[in-house]
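The values are calculated or read from the model by the stated rules, or taken from the named source; none is laboratory data. Predicted, not measured: the structure shown is a model, and the values here were computed from it. Cβ placement follows ideal geometry from the backbone for every residue including glycine, while neighbour counts extend to all protein chains displayed. Accessible surface is based on the protein model in full, side chains and every heavy atom, while ligands, DNA and RNA are left aside. Shrake-Rupley method; radii C 1.70, N 1.55, O 1.52, S 1.80 Å.
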Amino acid sequence: MPTVVLMDSSLSMTRPVSVEGSEEFQRKNLAVHGLTMLFEHMATNYRLEFTSLVAFSSLWELMVPFSRDYNTLQEALNNLEDFDKTCLEAALQGVSNVVQQEWGTSCPCQVILVTDGALGIGRGSLRHSLQTVKQRVEDKKFPLPFPFPSKLYVMCIANAEELQATDSMDNLEQLINLNGGEGQIYTMEGPLCLKSVQSMFGKLIDQAYSPFHAVLRCGNLTSDVQVFPRPEPVTIDEEVDPIPKTVQTDLEIVGFIEIGDISSPPVLSRHLVLPIAVNKEGDEIGTGATDDTEEETSTNQMAGKSPNFCVLLHGSLKVEGMVALVQLGPDWLGMLYSQADSKKKSNLMMSLFEPGSEPLPWLGRMSQLGPASDAAENPYGEDDSKSPFPIQPKNKRSYAQNVTVWIKASGLQTDVQKILRNARKLPEKTQTFYKELNRLRKAALAFGFWELLKSVAELLERECTLLPDSAHPDAAFQLSHAAQQLKLASSGDSKYAAYEHNITPMLTDFSGGGGADRI
């Protein structure tokens with residue numbers, strides 16, 4: 001999940017902070033210290049995370065585009081200059097542009113706003129922006145909520161009492177609400193000092209950037225793994241009192257299934273599964289990766305020489321063309337599979353299904369799946385020429401009806417040709433002709449395809465002029481009648497354009513009716 005750090009570089013960030021027993025600090029120095037702690041943690045535990053640095057005052061500037069090079073991010077942070085007043089709306093619009101240009105609107109992103117709580121004055125201030133948020137025209141809308149899934153974390157280099165003395169806290173809370181409530185405001189506890197800023201950024205790390213470690217099990221085989229990015233809690237909307245479901249740290253493989261059977265299922269999220277070497281001492285939050293490079297390299301070399309179940313599983317799934325079903329929690333499954341980045345490189349991935357007993361309808365209830373060897377006969381056949389899936393539902397679905405679907409031009413062409421074939425066999429095929437005609441008419445009205453009705457009417461009129469002398473007289477009457485009815489339906493403003501209306505055969509002297517019914 002990419003991260004954008006939005007750093008306030010306005011003049012208010014240069015306000016001095018008195019720290020006992022040391023030189024005078026600015027709020028900007030405290031912010032840099034906190035972000036340095038965050039970057040060091042991510043360099044150690046979140047190396048795959050893409051991070052960008054944006055600075056803002058009255059204007060915004062992209063200091064570092066999305067990168068995994070935390071040395072570059074740290075250097076840009078240390079060299080940040082001071083500018084003029086705060087204009088947060090322009091900065092948020094800049095973040096929106098940067099993320100959409102790099103990742104589009106479907107990739108979730110985390111935005112970390114680092115500010116001192118002085119949100120500007122007059123026009124361009126956050127207070128002014130929020131007061132006019134409902135008076136905007138379409139092309140000047142407030143940038144929140146972001147057009148992509150996001151969480152907004154506000155890191156205030158100020159304590160809660162200072163923010164509540166003005167309306168800054170209320171404005172920041174309104175900012176979180178505008179983003180759909182996704183995010184949190186962090187303030188410093190106690191005096192403004194290095195210890196307080198470390199504590200504040202430590203809470204952010206615990207909340208959003210703590211690595212997810214789990215144990216992957218299959219029978220007696222186990223492996224310590226890291227799941228990246230960290231799986232988010234899932235809430236089921238259908239429940240009366242929804243309780244967020246979290247992925248458990250004990251991931252047990254319950255079975256294997258062929259890729260062709262599971263097909264391309266809908267999933268909530270996808271994650272990398274990385275084997276890790278167990279470090280009994282543990283890493284402290286905020287320790288850098290530069291001081292222990294040699295020790296880390298030797299540890300990785302030792303881990304690469306020792307057998308690992310995660311590596312075995314990845315290779316097996318890749319060679320056999322199968323996926324592993326893994327238990328994520330009570331009544332919640334996911335799948336492990338090999339995904340290739342290139343011809344030579346592939347990764348072990350984990351996708352999370354929707355919680356429930358039947359996340360994939362074509363597989364039926366997951367609890368009823370079992371080994372193929374337990375079946376009386378091989379469900380895949382002796383030569384793997386068949387499959388027991390998809391399982392047909394017991395109840396007929398509401399959408400399992402003969403509806404007209406035109407995905408390709410060939411489907412529409414086939415339906416029109418069917419009508420013309422029956423038209424040439426009138427009056428013997430009268431009932432079939434009108435059945436197909438009404439089916440096409442209803443579909444065209446449902447899609448708003450008025451031009452189709454006019455075109456088919458012209459085709460029927462042409463067929464009428466091409467009838468041979470030996471044709472039955474009733475054929476010409478029926479074709480003219482059908483063409484006229486389609487033209488009336490294409491106008492859209494008569495009773496003949498109603499969806500429920502059906503075109504019925506014209507009663508003629510040749511079909512047993514009276515001439516008074518002619519149109």
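Only one of the listed residues (Phe433, Phe447) is under 21 Å from Glu500 (Cα atoms) and modelled with pLDDT of 90 or more. That residue is Phe433.
Of the residues in segment 59-77, at least one is part of a helix (DSSP H, G or I), closer than 29 Å to Phe212 by Cα, in the same structural domain as Leu192 (by the TED database) and among the β-branched types (Val, Ile, Thr).
Criterion first (of a type in the set (Asp, Glu) and free of Cβ contacts under 8 Å to residues at least 12 places away in the same chain) does Asp8 satisfy it? Judged against the criteria, Asp8 is not a match.
Output the residues belonging to segment 181-202 that are of a type in the set (D, E, K, R) and surrounded by 14 or more Cβ atoms within 10 Å (Cβ to Cβ). I'd like the intermediate steps shown before the answer.
To start, the set of residues in segment 181-202 that are of a type in the set (D, E, K, R) comprises 182, 189, 195.
Passing the criteria: only Glu182.
Pairs linking a residue in segment 256-271 that is open to solvent by less than 40 Å² (accessible area, probe 1.4 Å) to a residue that is of a type in the set (Val, Ile, Thr), with Cβ atoms under 8 Å and 6 or more positions apart or on different chains, are Ile257/Val323; Ile262/Val323; His271/Val227.
Here Ser168 passes the criteria (1) surrounded by 19 or more Cβ atoms within 10 Å (Cβ to Cβ); (2) polar (S, T, N, Q); (3) farther than 23 Å from Ile121 by Cβ except the one numbered (3). Checked against (1) under 14 Å from Thr3 (Cα atoms); (2) not in a strand (DSSP E or B), Val54 passes all but a single condition, namely (2).
Being farther than 23 Å from Leu30 by Cβ, assigned by the TED database to the domain that holds Cys156 and not in a helix (DSSP H, G or I), is that true of even one residue in segment 110-120? Before the answer, list the steps.
Pass one, segment 110-120, residues farther than 23 Å from Leu30 by Cβ: none.
Looking for residues that are farther than 23 Å from Leu30 by Cβ, assigned by the TED database to the domain that holds Cys156 and not in a helix (DSSP H, G or I), one finds none in segment 110-120, hence no.
I want to confirm something. Restricting to segment 203-214 and keeping residues that are open to solvent by 40 Å² or more (accessible area, probe 1.4 Å) and closer than 30 Å to Glu252 by Cα, which single residue is nearest to the chain's Cα centre (by Cα)? Within segment 203-214, the match that is nearest to the chain's Cα centre (by Cα) is Gln207. Look at segment 98-118: where a residue is at positive phi and a partner is among the small types (Gly, Ala, Ser), sitting 6+ places away or on another chain with Cβ atoms under 7 Å, you get Gly117/Ala158; Gly117/Ser168. Out of everything in segment 374-386 that is closer than 30 Å to Glu354 by Cβ and open to solvent by 100 Å² or more (accessible area, probe 1.4 Å), what residue ends up being nearest to the chain's Cα centre (by Cα)? If we take residues in segment 374-386 being closer than 30 Å to Glu354 by Cβ and open to solvent by 100 Å² or more (accessible area, probe 1.4 Å), then Lys386 is nearest to the chain's Cα centre (by Cα).
Which residue is most open to solvent (accessible area, probe 1.4 Å), if the candidates are limited to segment 235-255 and must be touching a residue at least 40 places away in the same chain (Cβ under 8 Å) and under 20 Å from Pro361 (Cα atoms)? Walk me through it before giving the result.
Narrowing segment 235-255 to residues touching a residue at least 40 places away in the same chain (Cβ under 8 Å): 236, 245-248, 251-255.
From the residues that got through so far, the ones that are under 20 Å from Pro361 (Cα atoms) too are 236, 254-255.
Values: Ile236: 33, Val254: 83, Gly255: 20 Å².
Of everything passing the filter in segment 235-255, Val254 is most open to solvent (accessible area, probe 1.4 Å).
Entry remark, segment 215-253: residues being over 24 Å from the mean Cα position of the chain (by Cα) and not in a loop (DSSP other than H, G, I, E, B) number 12 in total.
For segment 54-78, filtering for residues that are open to solvent by less than 40 Å² (accessible area, probe 1.4 Å) and within 22 Å of Gly124 (Cα to Cα) leaves 5.
Just need a number here: residues in segment 183-192 that are outside any strand (DSSP E or B) and either closer than 30 Å to Cys310 by Cα or touching an Asp or Glu at 6+ places or on another chain (Cβ under 8 Å) (or both). Adding up the residues that qualify gives 0.
Residues in segment 470-511 that are in contact with an Asp or Glu (Cβ under 8 Å, 6 or more places away or on another chain), under 17 Å from Tyr434 (Cα atoms) and either open to solvent by 20 Å² or more (accessible area, probe 1.4 Å) or in contact (Cβ under 8 Å) with a residue 60 or more places away in the chain (or both): Ser480, Leu507, Ser511.
Whenever a residue of segment 328-351 is assigned by the TED database to the domain that holds Ser367 and aromatic (Phe, Trp, Tyr), its partners that are at pLDDT 90 or above and part of a strand (DSSP E or B), lying with C-beta atoms within less than 9 angstrom and at least six residues away or across chains, give the pairs Trp332/Leu352; Tyr337/Met322; Tyr337/Val323; Tyr337/Ala324; Tyr337/Leu348; Tyr337/Met349; Tyr337/Met350; Tyr337/Ser351. Check segment 385-395 and report whether any residue there is of a type in the set (Lys, Arg), modelled with pLDDT under 80 and closer than 30 Å to Gly448 by Cα. No; the residues of segment 385-395 include none that is of a type in the set (Lys, Arg), modelled with pLDDT under 80 and closer than 30 Å to Gly448 by Cα.
Considering only segment 99-109, how many residues are open to solvent by 20 Å² or more (accessible area, probe 1.4 Å) and either among the β-branched types (Val, Ile, Thr) or in a helix (DSSP H, G or I) (or both)? Give the derivation first.
Taking segment 99-109 and keeping what is open to solvent by 20 Å² or more (accessible area, probe 1.4 Å), we get 100-108.
Then keep just the ones that are either among the β-branched types (Val, Ile, Thr) or in a helix (DSSP H, G or I) (or both); that gives 100-103, 105.
Residues in segment 99-109 being open to solvent by 20 Å² or more (accessible area, probe 1.4 Å) and either among the β-branched types (Val, Ile, Thr) or in a helix (DSSP H, G or I) (or both): 5 in total.
A single member of Leu130, Leu163, Leu178, Leu152 is closer than 18 Å to Trp60 by Cβ and among the hydrophobic types (A, V, I, L, M, F, W, C), and it is Leu152. In this structure, Leu11 qualifies as under 19 Å from Val154 (Cα atoms), open to solvent by 60 Å² or more (accessible area, probe 1.4 Å) and either out of contact with any Cys (no Cβ under 9 Å at 6 or more places or on another chain) or of a type outside the set (Phe, Trp, Tyr) (or both).
Scanning segment 343-350 turns up one or more residues that are open to solvent by 90 Å² or more (accessible area, probe 1.4 Å) and closer than 21 Å to Ile276 by Cα.
Being in contact (Cβ under 8 Å) with a residue 60 or more places away in the chain, touching a strand residue (DSSP E or B) at 6+ places or on another chain (Cβ under 8 Å) and open to solvent by 30 Å² or more (accessible area, probe 1.4 Å): is that true of Leu48 here? In short, yes.
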